[in-house]
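Chemist: Got a structure for you, questions after.
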Amino acid sequence: MNEILPVNTSSEAVLIENGAFNAGPHDRQIDEAGISPKLVALSEHDIHARAFKLLRTTLNRQVNEHGYQVIGVTSCTPNAGKSFIASNLAASMSRLSSRKTVLVDLDLQRASIAELFGILDQAAVSEYLLGSISSLEDICWSLGAGELTVYPTFLRKVNSAELLSGERFASLMSELRTIEGQPLIICDLPPLFVSDDALLAAQQLDGVLVVVEQGVTTRKQLEAALRMLYPTKLIGTVFNRSSGGLGDPYGYSGGYGAYYK
Ligand SMILES: Nc1ncnc2c1ncn2[C@@H]1O[C@H](COP(=O)(O)OP(=O)(O)O)[C@@H](O)[C@H]1O
Ligand SMILES: [Mg+2]
């Protein structure tokens with residue numbers, strides 16, 4: 001497998017604050033044999049899982065304090081590691097017995113969650129948004145006993161902005177919010193600077209995490225991203241491919257400026 005590079009989680013010091021459900025009767029069980037080795041957080045013993053445990057603890061505190069139920073993961077530009085982080089964070093969360101988790105791929109133009117979980121192409125989120133599928137049960141996949149549920153997306157020729165601003169998207173979000181047991185819902189979003197898709201989706205979310213790629217994301221970009229996102233709440237930032245050390249929660253607060261060009 002490719003080398004997994006460090007992910008530096010936001011510690012309490014760096015978080016910037018603004019302001020048992022049923023998986024359903026279906027046979028959409030994720031085959032563990034098809035899961036990508038990049039899902040490091042699924043393995044309790046993988047050293048790289050540690051960064052995601054730190055991120056999950058920090059996020060859990062925010063979730064409990066503010067009642068966030070649906071959160072997004074975005075970045076300024078593509079390839080920052082949004083899908084990698086959203087998937088591993090969801091996997092890590094779902095390993096906590098008290099935290100059922102749902103992962104939704106909302107990057108309609110560059111969907112990639114299905115590949116990470118080895119889910120084969122069939123009707124999914126786009127079809128639900130287009131209206132050809134009416135029930136969430138027909139597009140969801142379960143891992144294990146249902147502690148992690150995945151709603152994948154496959155690449156389709158669709159008008160993503162239209163879908164993400166439409167009534168079906170609003171009903172997707174309200175249906176997810178009413179899943180029994182109120183699981184935490186983590187949405188893999190598109191990047192902010194490529195189209196308005198991320199901002200459209202973010203309007204329905206309780207807050208977002210922004211992935212910052214060391215040596216690539218500039219301070220100006222991050223500031224512009226935060227302005228764009230307003231009034232959506234910024235829950236925190238996650239440093240990906242960071243040289244601050246694997247899971248070093250103080251790497252960021254100790255050298256804020258050093259992380260930006
Ligand atoms: N910390 C990391 N270590 C190793 N590979 C990573 C890391 N972060 C991202 N990648 C890989 O880089 C590529 C781009 O990441 P991805 O999550 O798809 O980006 P995005 O969703 O922001 O476009 C993927 O192949 C992903 O597996
Ligand atoms: Mg992605």
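Chemist: Is it the case that residue 150 is within 16 Å of ligand 2 (Cβ to nearest atom), within 14 Å of the chain's Cα centre (by Cα) and either at pLDDT 95 or above or among the polar types (S, T, N, Q) (or both)?
Modeler: Values: within 16 Å of ligand 2 (Cβ to nearest atom): yes; within 14 Å of the chain's Cα centre (by Cα): yes; either at pLDDT 95 or above or among the polar types (S, T, N, Q) (or both): yes.
Judged against the criteria, residue 150 is a match.
Chemist: Can you tell me which residue in the stretch 80-106 is nearest to ligand 2 (Cβ to nearest atom), limited to those that are of a type outside the set (A, V, I, L, M) and assigned to a loop (DSSP other than H, G, I, E, B)? Spell out how you get there, then give the answer.
Modeler: Here is the first cut: in the stretch 80-106, the ones of a type outside the set (A, V, I, L, M) are 81-84, 87-88, 92, 94-95, 97-101, 105.
After this cut, where a residue has to be assigned to a loop (DSSP other than H, G, I, E, B) as well, the list is 81, 95, 97-100.
Details: 81: 8, 95: 22, 97: 29, 98: 28, 99: 23, 100: 23 Å.
Looking at the filtered set, the residue picked out is 81.
Chemist: Keeping to the stretch 184-196, report how many residues are within 15 Å of the chain's Cα centre (by Cα) and not in a strand (DSSP E or B). Even if it seems obvious, please write down each step before you answer.
Modeler: Looking only at the stretch 184-196, we keep the residues that are within 15 Å of the chain's Cα centre (by Cα), and these are 184-192.
Next, only the ones that are not in a strand (DSSP E or B) stay: 189-192.
The number of residues fulfilling the criteria is 4.
Chemist: Right, next: Step by step: first the residues of the stretch 114-132, then only those that are buried (at least 18 other Cβ atoms within 10 Å of the Cβ) and more than 16 Å from ligand 2 (Cβ to nearest atom), then the one that is farthest from residue 174 (Cα to Cα). Which residue is that?
Modeler: Filtering first and then ranking leaves 127.
Chemist: Contact list please: Cβ distance under 6 Å, first residue in the stretch 188-203 and closer than 26 Å to residue 91 by Cα, second residue within 13 Å of ligand 2 (Cβ to nearest atom) and of a type in the set (Ser, Thr, Tyr), pairs at least six apart or on different chains.
Modeler: 188/83; 189/74; 191/75; 191/77; 192/74; 198/74
Chemist: May I ask you to list pairs of residues, at least six apart or on different chains, whose Cβ atoms are under 7 Å apart, with the first in the stretch 75-87 being more than 14 Å from residue 51 (Cα to Cα) and the second being more than 8 Å from ligand 1 (Cβ to nearest atom) and part of a helix (DSSP H, G or I)?
Modeler: From residues that are more than 14 Å from residue 51 (Cα to Cα), the pairs are 76/221; 76/222; 76/225; 83/113.
So that you can scan it fast, the table gives a plain yes or no per residue for (1) surrounded by fewer than 24 Cβ atoms within 10 Å (Cβ to Cβ); (2) over 14 Å from the mean Cα position of the chain (by Cα):
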residue	(1), (2)
64	yes, yes
68	yes, no
75	no, no
80	yes, no
85	no, no
90	no, no
103	no, no
106	no, no
112	yes, no
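Chemist: Being more than 16 Å from ligand 2 (Cβ to nearest atom), modelled with pLDDT under 95, over 15 Å from the mean Cα position of the chain (by Cα) and farther than 25 Å from residue 91 by Cα is true for just one of 166, 181, 215. Which residue is that? So that I can check it myself, show each step before the final result.
Modeler: Numbers: 166 fails: modelled with pLDDT under 95; 181 fails: farther than 25 Å from residue 91 by Cα.
Being more than 16 Å from ligand 2 (Cβ to nearest atom), modelled with pLDDT under 95, over 15 Å from the mean Cα position of the chain (by Cα) and farther than 25 Å from residue 91 by Cα holds for just one of 166, 181, 215, which is 215.
The values are calculated or read from the model by the stated rules, or taken from the named source; none is laboratory data. Note that this is a predicted model, so its numbers are computed, not measured. Don't worry about glycine lacking a Cβ; one is built from the backbone with ideal geometry, like all the others, and counts go over all protein chains shown.
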